[in-house]
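Worksheet: one structure, shown below.
The values are calculated or read from the model by the stated rules, or taken from the named source; none is laboratory data. Since the structure is predicted, the reported quantities are computational estimates derived from the model, not experimental observations. All Cβ positions, glycine included, derive from the backbone under ideal geometry; neighbour counts span all protein chains shown. Ligands, DNA and RNA are excluded from the accessible area calculation, which covers all protein heavy atoms including side chains. Shrake-Rupley method; radii C 1.70, N 1.55, O 1.52, S 1.80 Å.
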Amino acid sequence: MKDRLIIFDTTMRDGEQSPGASMTREEKLRIGRQLERMRVDVIEAGFPASSPGDFEAVRAVALAIKDSTVCGLARANDRDISRAAEAVAPAKSSRIHIFIATSPIHMERKLRLTPEQVLTEAVNAARFARRFTDDVEFSPEDAGRSEPDFLCRVLEAVIAEGVKTINIPDTVGYTVPEQFGALIRTLRERIPDSDKVVWSVHCHNDLGLAVANSLAAVMNGARQIECTVNGLGERAGNASLEEVVMAVRTRQDIFPCDTRIDATQIVPASRLVSGITGFPVQPNKAIVGANAFAHEAGIHQDGVLKSRETYEIMRAEDVGWSQNKLVLGKHSGRNAFRQRLKELGIELDSEEAVNAAFVRFKDLADKKHEIFDEDLQALVTDEAHAHDQGERYRLVSLTAHSETGETPYARIVISEDGGEKRAEARGSGPVDASLKAIEIIVNSGAELQLYSVNAITTGTESQGEVTVRLQKGGRIVNGLGADTDIVVASAKAYLSALNKLKSKVERINPQM
Ligand SMILES: [Zn+2]
């Protein structure tokens, strides 16, 4: 019987720390349900002490999720731990994850504590957290640059306090596989009672080695990997869940363990997270990139047609790429629509939401003949966004005009808190003119940091999906909009970002 490799997903904690990837309570609930559907073992839903909003979101996930453990992060102090305990308390299975830095640079420069003081704080925090739950996880932050002797002392002390999981974070993505694997082996060999805990790793991708380091740790005894959907996370991101899971699943001849993950939910999870955060997935991304199973070269096509295994080491449908791309059209009824959403793992909260989405589906089906799964996902994400943010601004109508030799202009009508406002503007292009017209009404003072366009499906009829990133007063948000008309999609994305900017709150972001 193979060992279980525990998948600890931190998309809603570390992943959310990617610039602009902030998630609302509803969005965290939707992601939580998808992770549960994918049979993730532990869901780190957030950092409850960071803000009232995140506390509420973690608590909502804890109330809703039954088949996964729900975890809250806390710094090694009583206030954070009490907040985390309160947030995860409603969960059927809960965990508190405490951390404190152990590297010389962090202790000296960030914490301004001596190693002895850090040791004391770690022990006190472990003891305090154990009052609330048996399932406590401890992380020595920046372990990758910590001194092994000190690390051993701290870990031995917290294991003695009854911590169940020891997580070794390569916080700055500095280590390489051989070295990181050896570190895990050495710690397990040197620390008494090391067999009483689960060894876990949390790797960042600053050198592109997060997955490789995590797998090297597994080969040296780690049995939990902390990862994120699409590899989201601070800076260059975390180890990506889909790559870790499929590497272990595909190479069962090598790995002494396997996960309980339902891999067919990987692509729906990737789409959902990409839709909610506004972070598009690069086409050549392993497992979930649009080209991951696309064969261009003639030789490859010939091989695949003769025998798939010539150029494929896993099957597209095994990770949730649906075969029948063509699903619905303008003659499709509500039941077929609802059934397809279900097959895609999309759950809408109310009948009202299903009706609103169905109306948008019909609108779209009038504009384009073929409606693909990607269109449905974009359509539902748009609707959910509008619903979640309470939608202060909504697009009513847009006329954009561009002609060779003429200065493009746009006329726009938006509703703001239910009242209609209109404006006109000229710009260097129809998109520029439209956004300028919006600003005449809103005057947000926000800075446009990113504007990117993706085609949702292939073909000239494809919907365009636009992501914009706005920055104001140090706060960064992403807005997403989809439409067959790219100028309309841009206006929608801009308004969605403005709505988020209006609803975003300040929070503390831990760097682990
Ligand atoms: Zn991290």
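General observations
- Of the trypsin sites (Lys or Arg not before Pro) found in the range 247-338, those in coil by DSSP whose Cβ has at most 14 other Cβ atoms within 10 Å are ARG251, ARG260, ARG315, LYS325, LYS330.
- The charge dipole of the range 1-103, taken about its Cα centre with unit charges on the Cβ atoms of Lys, Arg (+1), Asp and Glu (-1) only, comes to about 280 debye.
- Cα-Cα pairs of the range 73-187 separated by more than 24 Å (percent): 24 percent
- Sulfur and carbon atoms: percent of accessible area, the chain [1.4 Å]: 50 percent
- Overall size of the range 3-277 from C-alpha positions, given as principal axis extents largest first: 45, 44, 32 Å.
- Candidates per chymotrypsin sites (Phe, Trp or Tyr not before Pro) in the range 265-366, loop by DSSP, up to 11 other Cβ within 10 Å: none
- A DSSP coil position with no more than 13 other Cβ atoms inside 10 Å describes the following trypsin sites (Lys or Arg not before Pro) in the range 23-124: LYS66, LYS92, ARG112.
- Cα gyration tensor shape for the range 94-250, rounded if a/c is under 1.5, else prolate or oblate: prolate
- Cα long-axis angle, helix 25-37 against the chain (0 to 90 degrees, to the nearest 10): 70 degrees
- Summarising the strand pairing of the chain, around 50 percent of its internal DSSP beta bridges are antiparallel.
- Per the Kirkwood formula applied to alpha carbons, the range 1-151 shows a radius of gyration over Rh ratio, Rg over Rh, of 0.99.
- Prolate/oblate/rounded call for the range 220-341, Cα gyration tensor, a/c under 1.5 rounded: oblate
- Within the chain, helix-based [θ] at 222 nm, where runs of 4 or more DSSP H residues each add -39,500 (n - 2.57), nearest 500: -12000 deg cm²/dmol
- Angstrom value of the Kirkwood radius, inverse mean 1/r, which spans all Cα pairs in the range 228-284: 12.3 Å
- In the full protein context, the chain carries 42 Å² of accessible surface per residue, based on a 1.4 Å probe and ignoring ligands, DNA and RNA.
- Between the range 17-68 and the range 145-171, the Cα center-to-center distance that results, in Å: 26 Å
- For the chain, the alpha-carbon radius of gyration amounts to 1.02 times the rule-of-thumb value 2.2 N^0.38 Å expected for a compact globular protein.
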